[in-house]
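Enquirer: Shown below is the structure under consideration.
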Amino acid sequence: MSLSSFSSACVPSAFSLGALGLDAIIIEASVVANYSFSVSSGVRYIQPSVELVNATFCNVTVTYTHPGENDRVGAEVWLPPAEIWNERFQGAGGGGWGAGRFYNSYGTMAGALTEGFATVTTDAGLSDQFTPETWALISTGHVNLPLLENFGYRSLNESAVIGKSIVRQFYGRDPSYSYFNGCSQGGRQGLALAQRYPTAYDGIAASAPALHFPDLAAAIYWPQQYMNDIEYYPYGCELDAIVRAAISRCDVLDGVSDGIISDVDKCFATFDPSEMVGRSTNCSQTGGLVTISAGAASVAKATWTGAVSANGTKLWHGYRLGADLTGALEPSLAHGTAMTNCTSGTCTGSAEPLATSWFRLFLAKDPSFNASSMTRSEFEDYLRQGQQEYSSILSTDNPDLSGFRDAGGKMVTFHGLKSHKADQIIPDQGTLDYYTDVAKLLPDVHDFYRYFPIPGVGHCFASKGGAPLSLFSQLQAWVENGTAPESSPITYTDDSGADVYSRIVCPYPQKAVYHTDCGAPEEASCWSCKRAQSGCSKVKFQ
């Protein structure tokens, strides 16, 4: 197709909204030429980094409203030229408080273009993709439920239907296969699609999903609540030292010394942070040595244990030993649920904005609410309120995936855990709980849905490798020719960056087991997937 004919096909009059019971506000279409994007694997999640260079595509943006709700939702579709189109369609997920149409989702779309996909993202009608400050409340005390429903699920199916309709109108045929790729909020979106709209996509990659969202959002705040309760805020360097000690102690529990905690449950039983009390550590916050305090050990243990009620009842999962609690151990993310701010000389809590926004706007429903003033009882009450008011909109924890299974859908999920880069935002136990619930209801779950717990990966990506960058192509093979992913290769470097290790990761309930007679634990060929960990001698990489 020549550029002139491509341009003549990429005009607003060539497209219509279709029959969804929605009202079109405006349809925009224009050719984008010489578009380049350096796409990191960090926004492709289970695909490698790529370079999109001087691409040409048709950008179609459909802005519509739900009758009577006065919202304004945008679905943006990128269409490569017909000779480049691979006859496939990919939805790009969001992140944080963003449904889509921001940097991460555009990166996912740019990556999809390099492989010839037509691709779509939605903004869910949110006026800001980074914070809910401008859209959460109609007025004090009143949450904007239509927009929350857009964010929670409605816009996801609408963008899939609109995107496929635009594809049909542009190429004259439906896509042969459709996929969705998202992590964190995007992972939650993927599960929402599988549960609510089982025919929207043939293959779904729902990574590190923010499912059980009302529980999760409150639990992210838990370390801050605990510090407020005990009225003690440690230096971040104290918590970092405790985390490093846990890694050192627990690294060899799987028989291989590689800087990764693979047996996290044994680690939790083996390492007590109180052992570190009284030891000295270098501290960038003070410019000298700091003695690790009992308060710091208590905060670390509370963060690992997870939110509990005043009488000790477990409310939600904690974080894995090894997760970055302060954002200092994984500077590329700079996130941690137990962060403090010590710049004034006196440390105070520094909470994740996602959590404080949740309490302020959706639970207290008051823009002036200060979460740091909550008592433990109020924290518990708000957590339960969130469950009651919003689970049906945001939780995506329905284990009945029979509709998705019966439609022939295939889904993969990975979650970073058990390492010095365990997921520091979303505890992986929630994902494991969900997969276990699906398996209890649908014993054939392994035939259509596989969960990969992965050491060495933080929240959605790892700066030193370890992400399963072949998993999306394996999902495609599963959808298109029935080849299920029995394992997935990973490569990562140690903290020094000097040594490169190759491994495999396995679908739960299997684990990667090292064969001691192989003699090369840094090689993937020395590992295999087994249901139970066999005995291994301790090996130190040279």
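The values are calculated or read from the model by the stated rules, or taken from the named source; none is laboratory data. On a predicted model such as this, the values are computed, not experimentally measured, just so you know. Neighbour counts run over all protein chains shown; Cβ positions are idealised from the backbone, glycine included. With ligands, DNA and RNA removed, areas are computed over all heavy atoms of the protein, side chains included. Shrake-Rupley method; radii C 1.70, N 1.55, O 1.52, S 1.80 Å.
Enquirer: Taking the alpha-carbon centroid of each part, what is the distance from segment 158-208 to segment 124-146 in angstrom?
Expert: Using only Cα atoms, the two centres lie 25 Å from each other.
Enquirer: Another question, if that's okay. Quick one: accessible area per residue over the chain, 1.4 Å probe, rounded to a whole number of Å²?
Expert: On the way: 19960 Å² over 542 residues.
Per residue, the chain has an accessible area of 37 Å².
Enquirer: Please give the helix 185-196 orientation as an angle from the longest Cα principal axis of the chain, in degrees from 0 to 90, rounded to the nearest 10.
Expert: Long axis of 185-196 versus the principal axis of the chain: about 60 degrees.
Enquirer: Let a ≥ b ≥ c be the square roots of the eigenvalues of the Cα gyration tensor of segment 202-332; is it rounded (a/c under 1.5), or, if not, prolate (a/b larger than b/c) or oblate? Kindly include the intermediate steps, with their values, before the conclusion.
Expert: Values: a/c = 1.62, a/b = 1.20, b/c = 1.35.
The shape class here is oblate.
Enquirer: Another one. Please check the chain for the longest run free of chymotrypsin sites (Phe, Trp or Tyr not before Pro) that are loop-located per DSSP (anything but H, G, I, E, B) and have at most 14 other Cβ atoms within 10 Å. Don't skip to the answer; put the middle values down first.
Expert: Working: sites that count: F130, F541.
Excluding the exposed sites themselves, the longest stretch runs over 131-540.
Enquirer: In Å, the Kirkwood hydrodynamic radius of segment 246-300 over pairs of distinct alpha carbons?
Expert: Every distinct Cα pair counted, the radius reaches 12.5 Å.
Enquirer: With a 1.4 Å probe and all protein chains kept in place, how do E523, E158 rank by accessible area, largest first?
Expert: E523, E158
Enquirer: Once label points are set 7 Å from the Cα along Cα→Cβ at both D517 and S257, what is their separation, rounded to one decimal in nm?
Expert: Distance between the two pseudo-spin positions: 2.6 nm.
Enquirer: Now for a different question. Show me, for segment 386-400, the HN-Hα J-couplings you get by feeding each phi into the Karplus relation (A = 6.51, B = -1.76, C = 1.60, θ = phi - 60°), rounded to Hz, glycine and proline as x.
Expert: Result, ordered by residue: x, 4, 5, 7, 10, 4, 5, 9, 10, 6, 6, 10, 6, x, 7 Hz.
Enquirer: Give, rounded to the nearest 20 debye, the magnitude of the charge dipole that segment 69-141 has about its Cα centre when Lys and Arg contribute +1 at Cβ and Asp and Glu contribute -1 at Cβ.
Expert: I would put it at about 60 debye.
Enquirer: How much of the accessible area of the chain, probe 1.4 Å, is carbon plus sulfur, in whole percent?
Expert: Numbers: 9830 of 19960 Å².
For the chain, the apolar C and S fraction of the accessible surface comes to 49 percent.
Enquirer: Using the Kirkwood radius built from alpha carbon pairs, what does the Stokes-Einstein equation give as D for the chain at 20 °C and 1.002 mPa s, in µm² per second? Provide the component values of the computation, followed by the final result.
Expert: Working: Rh = 24.2 Å.
Once the numbers are plugged in, D ends up at 89 µm²/s.
Enquirer: What is the Cα radius of gyration of segment 307-408 over 2.2 N^0.38 Å, N being its residue count?
Expert: 1.36
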